[in-house]
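Step one of this worksheet: look at the structure below.
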Amino acid sequence: MMEILIVDDTLENIRLASEALSDYSTSFARSGEEDLTLLKQEQYDLILLDVMMPGIDGYETCKQLRKLPQHVNTPVIFLT
């Protein structure tokens, strides 16, 4: 089953994305920092990444996740 990571600081957005993707296995993170921690531990097939987040924003999070060998080619879709 496809593993999708949803990264958003708004719980309502996470809930909506999870419901829309109910046929897939989804996990979530509420910040760029939490996202990077999960990415070091797990492999995901797709990352849905909010652009505007407190702390590390989506663009910086994406730059950092591309440095992780297991996620160099993982597709990322930015959400705004």
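Bear in mind that the values in this text are calculations on the coordinates, not laboratory data. This structure is a prediction, so every number in the text was calculated from the model and none was measured. Reconstructed Cβ throughout: ideal geometry from the backbone, glycine too, with neighbour counts over all protein chains shown.
So if R0 is 22 Å, what FRET efficiency would Arg66 and Ser27 give, r being the distance between their Cβ atoms, rounded to the nearest 0.05? Could you put the intermediate results ahead of the total?
Values: r = 19 Å, r/R0 = 0.87.
Once rounded, the FRET efficiency stands at 0.70.
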Looking at His71, Gly32, Leu16, which one has the Cα that reaches farthest to the positive end of the dipole of the chain (charges on Cβ: Lys, Arg +1; Asp, Glu -1)?
His71
Per the helix-only model, the chain has a calculated mean residue ellipticity at 222 nm (DSSP H runs of ≥4, -39500 (n - 2.57) each, divided over all residues, rounded to the nearest 500) of -10000 deg cm²/dmol
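Test of understanding: what is the full-extension gain from Lys40 to Glu12, defined as 0.36 nm times their sequence separation minus their Cα-Cα distance? Mind dumping the intermediate values first?
Numbers: separation 28, 0.36 × 28 = 10.08 nm, distance 2.55 nm.
Between Lys40 and Glu12, full extension yields 7.5 nm more.
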Equivalent ellipsoid semi-axes, the chain, via Cα gyration tensor eigenvalues times 5, rooted, Å:
17, 16, 10
So, relative contact order of the chain in percent, Cα under 8 Å, 6 or more apart, is 33 percent
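With only Lys, Arg, Asp and Glu charged, each at its Cβ (+1 for the first two, -1 for the last two), find how big the charge dipole of the chain is about the Cα centre; round to the nearest 20 debye. Before the final figure, lay out each step's value.
On the way: 6 positive and 14 negative charges, 64 e Å.
Approximately 300 debye in magnitude.
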antiparallel share of DSSP beta bridges within the chain, to nearest 5, in %, is 0 percent
